[in-house]
Amino acid sequence: MSAGARGLPFDAYAVLGVGPSATSDEIHHAYRMLARRFHPDADRTDPLAAARFAELTEAYDLLVDVDRRRSYDLRRAAVAGPRAARVAPGPTGNTAVRGPAARPPVRRRETAVASEPRHEATHDEFRLLVFLAKVVVGVVIVIVLAALLLAFRPPPPCRADTPINAPCTPTATPP
């Protein structure tokens, strides 16, 4: 027998798919997920969407207020007896799936080919060191080339204002 048949209009925990021991965060999360799913604007072709959404909102308003929830729990326990503490089925009827804490962790599929070795965390560090070594070698090569170009540059031509001991290339003077 459901809670509605025993004197309560509906079971607010079953509507939201949470247990009686659910925290306010779990109730809020369940309401947000179900409100997105059953909102009348989400499925305009469903004539019962507005009624389902109103029931969700009523259950949320009842359970989110501490005083209203406490009085609801007392009435629920008095009407339903010792079975009221049992877990109510979720909105889909599945009692195993309930709230964010009951969801199994998401398993990511392995995309690596079986013949490829698995890369460890040190592999990224090794790649970074190789990259830095290449940058240092490139900078050293540029410095050495610049030094060689400056060393083998021909001296400027000699002029009248060139100091006596300065290196210069004598130019041919016309006769």
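The values are calculated or read from the model by the stated rules, or taken from the named source; none is laboratory data. Just so it is clear, the model here is predicted, and its values are computed rather than measured. Counting neighbours? That spans all protein chains shown, and the Cβs are built from the backbone with ideal geometry, glycine included.
Of everything in the range 6-47 that is surrounded by fewer than 13 Cβ atoms within 10 Å (Cβ to Cβ) and under 25 Å from R75 (Cβ atoms), the residue that is farthest from the chain's Cα centre (by Cα) is G7.
Under the condition of being modelled with pLDDT of 80 or more and not in a helix (DSSP H, G or I), which residue from the range 48-100 is surrounded by the most Cβ atoms within 10 Å (Cβ to Cβ)? Explain how you work it out, then say what you get.
In the first step, residues of the range 48-100 are kept if they are modelled with pLDDT of 80 or more; the result is 48-76.
From the residues that got through so far, the ones that are not in a helix (DSSP H, G or I) too are 48, 65.
On the way: L48: 11, D65: 13.
So, considering only residues that are modelled with pLDDT of 80 or more and not in a helix (DSSP H, G or I), the one surrounded by the most Cβ atoms within 10 Å (Cβ to Cβ) is D65.
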